[in-house]
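The values are calculated or read from the model by the stated rules, or taken from the named source; none is laboratory data. Bear in mind the structure is a predicted one, so any value in this text is a computation, not a measurement. Here the Cβ is made from the backbone with ideal geometry for all residues, glycine too, and neighbour counts use every protein chain on show.
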């Protein structure tokens, strides 16, 4: 799945959450198109007409364009008469019957990647609770996009690795091992199942092609071992994997028992012999 497709899915889910948590009857949004000065409204929830569907919103224009230009949340109580915004999009907004609207930008690494809107069909102030819920929804999308970006960067790095070379070949092979550990740590945080499967598939490609029989590590046991193999302490592995330190210790003990190892180093060596780690 491409970054844009994944971002669109995240925005769609965020709009559903936004309506559920605030009671707003209408929510919509979209992504800023790469290399362009506008975002395009692609996702609609609760709308009654197609007036907003596919609408390109230029940076600086209208409420959403203002949110893009300023990289901050904006709101109006009555869209058609608000002096705070320009009015290039009054017709589609009026066709949908919207009055009070808020727009919250999705910002990743200081770049606006999209906008979430919430709206009422009546002219009344949108309170702090509603604005807070919209900003929380935007933060969820931001986190998902940042994780997706990181995942694709790791995939690109892994594609440049050389997993079939001699595992004793020094620094280049250590880079493979580091990429493998990073991918395994990141995969559980990926909401998009297609991207998560792609990451785990690349992890498989980075491991040797010979497998020992009778060794069956749980995914989290392998995640912990991958971190340990890359030189992480239990505390660092816990931070990377989003687990408690004691939980990491438990997974490590379990993996060591299955591998017949008495130390962390022995466990890593056994896992590599079994083809579980690069």
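A few points about this structure:
- Residue match in region 5-20 (condition: more than 20 Å from the chain's Cα centre (by Cα) and under 30 Å from residue 149 (Cα atoms)): yes
- Which numbered condition residue 266 misses (of (1) over 23 Å from residue 144 (Cβ atoms); (2) assigned to a loop (DSSP other than H, G, I, E, B)): (2)
- Identification of strands (runs of 3 or more DSSP E) wholly contained in region 56-156 with 2 or more residues that are exposed (fewer than 14 other Cβ atoms within 10 Å of the Cβ) yields no element.
- Residue under evaluation residue 71, criteria (1) touching a helix residue (DSSP H, G or I) at 6+ places or on another chain (Cβ under 7 Å); (2) within 21 Å of residue 128 (Cβ to Cβ), criterion not met: (1)
- Within region 196-213, residues that are more than 30 Å from residue 144 (Cβ to Cβ) reach partners that are surrounded by fewer than 18 Cβ atoms within 10 Å (Cβ to Cβ) and at pLDDT below 55 with beta carbons closer than 9 Å, at six or more positions or on different chains, in the pairs 208/164; 208/167; 209/164.
- Criterion: in contact with a strand residue (DSSP E or B) (Cβ under 8 Å, 6 or more places away or on another chain), surrounded by fewer than 21 Cβ atoms within 10 Å (Cβ to Cβ) and outside any helix (DSSP H, G or I) - qualifying residue of 12, 40: 40
- Exclusive hit being touching a helix residue (DSSP H, G or I) at 6+ places or on another chain (Cβ under 6 Å) and either part of a helix (DSSP H, G or I) or at pLDDT 75 or above (or both), set 172, 232, 161, 271: 271
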